[in-house]
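The values are calculated or read from the model by the stated rules, or taken from the named source; none is laboratory data. Worth saying up front: this structure is predicted, and the values here are computed from it rather than measured. No Cβ is skipped: glycine too gets one built from the backbone with ideal geometry, and neighbour counts run over all protein chains shown. Heads up: the accessible areas ignore ligands, DNA and RNA and are worked out on the full protein's heavy atoms, side chains in. Shrake-Rupley method; radii C 1.70, N 1.55, O 1.52, S 1.80 Å.
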Amino acid sequence: MSKAQGKAKQLKGKAKETFGKVVGDRRMEAEGKAEKLHGKAQEIVGKIKRSGGR
């Protein structure tokens, strides 16, 4: 996992969340929020790995 992959996942999640809000699909909105959180965690792991920590 890399920092860039985490950022990409966050952006995808944000888009999914926003689309879910617009069309009134609460499930899609929730999936988007979850994907954003997963992306944030992935980004943090990427930062830690890059700094040499494990």
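Pairs of Cα atoms nearer than 8 Å and 6+ residues apart set the relative contact order; for the chain it is 49 percent.
Per-residue ellipticity at 222 nm from helix content only, as computed over the chain with -39500 (n - 2.57) for each DSSP H run of at least four residues, stands at -30000 deg cm²/dmol. Gaussian network model of the chain, Cα springs within a sub-10 Å range: biggest mean-square fluctuation belongs to which of G13, G24, G39? Evaluated over the chain, the most mobile residue of the options is G24. Treating r as the C-beta distance of V23 and K47 and R0 as 35 Å, the FRET efficiency rounds to 0.55.
Taking the longest Cα principal axis of the chain as reference, the axis of helix 3-23 is set at about 10 degrees.
Using the heavy atoms of the protein chains and a 1.4 angstrom probe, tell me the accessible area per residue for the chain in square angstrom. Write down the numbers at each step before the final one.
Numbers: 4070 Å² over 54 residues.
Here the per-residue accessible area is 75 Å².
What part of the accessible area of the chain, given as a whole %, is carbon or sulfur when the probe is 1.4 angstrom?
Details: 2350 of 4070 Å².
Result for the chain: 58 percent of the exposed heavy-atom area is carbon or sulfur.
Here the Karplus curve 6.51 cos²θ - 1.76 cosθ + 1.60, taken at θ = phi - 60°, turns the phi angles of the stretch 31-46 into couplings of 4, x, 4, 5, 5, 4, 5, 4, x, 5, 4, 4, 5, 5, 4, x Hz, with x standing for Gly and Pro.
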